[in-house]
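A quick write-up on the structure given underneath.
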Amino acid sequence: MKERLSREAIAMRIAKELFDGAVVNLGIGIPTMVSSFVPEGMTIIYHSENGMLGFGSVLSADEVEEKADIDLVNAGGQYVRPKPGMSFFHHADSFAMVRGGHLDVAVLGAIEVTDCGDLANWMFPGRGVGNIGGGMDLAFNTKKVIVAMEHTTKDGRPKIVKKCCVPLTAERCVDLIVTDIAVIDVTYQGLVLKEYAPGWTVDDIQALTEPELKAAPDLKEIELL
Amino acid sequence: MLNKVFESFDAAVADIPDGATIMIGNFAGPGGTPFYLIQALRRQGARNLTIVANTAGGIGLTLDYDDHRILFQNKQVKKVIASFPFSTSASKPTEAEKQILSGEVELEIVPQGTLSERIRAGGAGIPAFYTPTGAGTIMEQGKERRIFDGRPCLLEHALKADYAFVRAYKADRAGNLVYRGTQRQFNPIMATAAKTTIAEVDETVETGHLDPEAIVTPGIFVNRIVQITQDPGFRRHLENSFWAKRE
């Protein structure tokens with residue numbers, strides 16, 4: 001029986017890529033959920049485009065009434081908790097951090113990714129319009145770019161492709177792809193399948209992936225914890 | 001004595017002519033958006049405006065509120081320079097989106113870091129700069145490309161404005177500003193890049209009552225100040241936020 005990881009489980013798997021003291025920017029959607037799965041005791045310094053570093057977790061729905069403050073929001077507009085050691089700064093400084101290469105990890109959503117690590121994630125499919133936001137700067141300039149996404153589109157087409165059909169966010173920027181069925185390293189030799197969801201074979205995953213996958217020597221089932 | 005405080009938002013925007021370029025502080029949510037100035041500009045009615053802001057208004061990420069979307073609704077805008085111009089929901093297109101797609105409004109879409117640096121450069125007297133962001137994408141169209149340290153980069157030009165609408169927390173009469181939390185975002189850089197900067201603040205204090213070490217926007221960048229008198233009713237905790245006590 002082939003299982004697909006939930007969006008939360010994708011976020012859990014990505015949380016394992018973070019390390020103590022890492023400066024991390026999380027995009028909207030699955031990436032935002034990653035912060036919920038960081039192990040106790042590990043300090044992650046979150047960066048938000050709107051000029052905030054080292055803030056606390058997102059408020060839960062029942063905390064909003066009492067604690068929410070419109071002057072303490074992340075880039076997705078969610079209310080967050082203040083945290084000792086946090087800092088505020090203006091937008092140009094915020095992107096000096098990004099462009100200057102001071103961020104360790106960016107977790108971004110994707111519409112398409114190629115085996116070269118090209119990323120397309122800003123043009124809404126079918127709408128002919130899109131928001132670039134901070135994604136282009138993050139994709140171009142962060143030390144490690146992790147893509148979090150479903151492996152295929154809603155109608156079952158591969159999202160990992162040989163060439164992006166929609167406008168690019170950045171060329172050759174993606175380091176790791178985590179989907180609902182696989183964990184894939186983007187290397188100079190192409191895509192390396194490192195982990196598979198329960199019940200999936202290399203052939204199953206290859207059938208839903210346009211470029212060729214190489215199985216890693218230590219290929220294993222995805223471990224979330 | 002130097003006193004930049006205006007009595008009303010209407011008075012502060014009265015001289016804005018048709019065709020002006022206006023920068024407006026704005027990000028996800030109402031914090032840091034000078035919406036009383038925006039409302040005054042709507043009443044004032046200047047047209048053919050170029051708006052420089054992160055969004056084109058009304059993107060509805062969290063709260064639904066009147067930001068500069070009302071300037072599009074009132075057909076006052078001819079061009080918008082933004083990084084996040086569209087609604088995230090296909091079923092709820094913004095007024096700006098409709099006008100952009102119909103060709104009524106011209107859109108210049110800019111990556112957010114490039115947008116903020118172009119504004120910073122405008123305020124700092126830097127006419128243009130190279131950035132790696134956007135090389136090899138559609139951002140490259142019409143731009144000079146040059147390789148630095150093996151990396152392709154694009155030449156991006158500074159942005160300046162006739163007016164900047166900024167939102168801050170406190171001002172003194174000399175125009176020094178401090179901000180509160182993520183309210184800061186584009187506001188401090190926009191304050192530097194306009195001929196006339198108008199600040200909308202929660203509180204105005206006597207000159208000398210802000211800690212010089214804590215001032216984020218020095219008063220030379222601010223021409224007019226208007227204090228908010230009517231609580232807009234958004235969630236804030238001015239009384240107990242530990243970071244609000246710094247000044």
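You will find that of B:Ile24, B:Ile70, the residue that is within 24 Å of B:Gln227 (Cβ to Cβ), away from chain A (no Cβ under 14 Å) and either surrounded by fewer than 19 Cβ atoms within 10 Å (Cβ to Cβ) or β-branched (Val, Ile, Thr) (or both) is B:Ile70 and no other. Looking at (1) buried (at least 17 other Cβ atoms within 10 Å of the Cβ); (2) more than 13 Å from chain B (Cβ to nearest Cβ), find the lone condition where A:Lys154 falls short. So the condition that A:Lys154 fails would be (1). Of all the listed residues (A:Ile28, A:Ile10, A:Ile45, A:Ile14), the sole one being in contact (Cβ under 8 Å) with a residue 12 or more places away in the chain, closer than 18 Å to A:Asp180 by Cα and open to solvent by 40 Å² or more (accessible area, probe 1.4 Å) is A:Ile28.
Taking the listed residues A:Val73, A:Val23, A:Val34, A:Val38, the one that is among the β-branched types (Val, Ile, Thr), surrounded by 24 or more Cβ atoms within 10 Å (Cβ to Cβ) and within 15 Å of the chain's Cα centre (by Cα) is A:Val34, with no other qualifying. Scanning region B:119-167 for residues that are open to solvent by 20 Å² or more (accessible area, probe 1.4 Å), over 30 Å from B:Thr204 (Cα atoms) and in contact (Cβ under 8 Å) with a residue 40 or more places away in the chain yields a single hit, B:Ala158. Looking only at residues of region B:196-222 that are assigned to a loop (DSSP other than H, G, I, E, B) and farther than 21 Å from A:His91 by Cβ, we find that the one that is most open to solvent (accessible area, probe 1.4 Å) is B:Glu213. Of all residues being within 12 Å of chain B (Cβ to nearest Cβ), in a strand (DSSP E or B) and not small (Gly, Ala, Ser) in region A:99-138, which is least open to solvent (accessible area, probe 1.4 Å)? Just the residue, please. The residue in question is A:Leu119.
Taking the criterion of being open to solvent by less than 10 Å² (accessible area, probe 1.4 Å), touching an Asp or Glu at 6+ places or on another chain (Cβ under 8 Å) and in a loop (DSSP other than H, G, I, E, B), the residues of region B:34-67 that qualify are B:Pro34, B:Ala46, B:Ala56, B:Gly57.
The values are calculated or read from the model by the stated rules, or taken from the named source; none is laboratory data. All values reported here derive from a predicted model rather than from experimental measurement. A quick note on method: Cβ atoms are made from the backbone with ideal geometry, for glycine too, and the neighbour counts reach across all protein chains shown. With ligands, DNA and RNA removed, areas are computed over all heavy atoms of the protein, side chains included. Shrake-Rupley method; radii C 1.70, N 1.55, O 1.52, S 1.80 Å.
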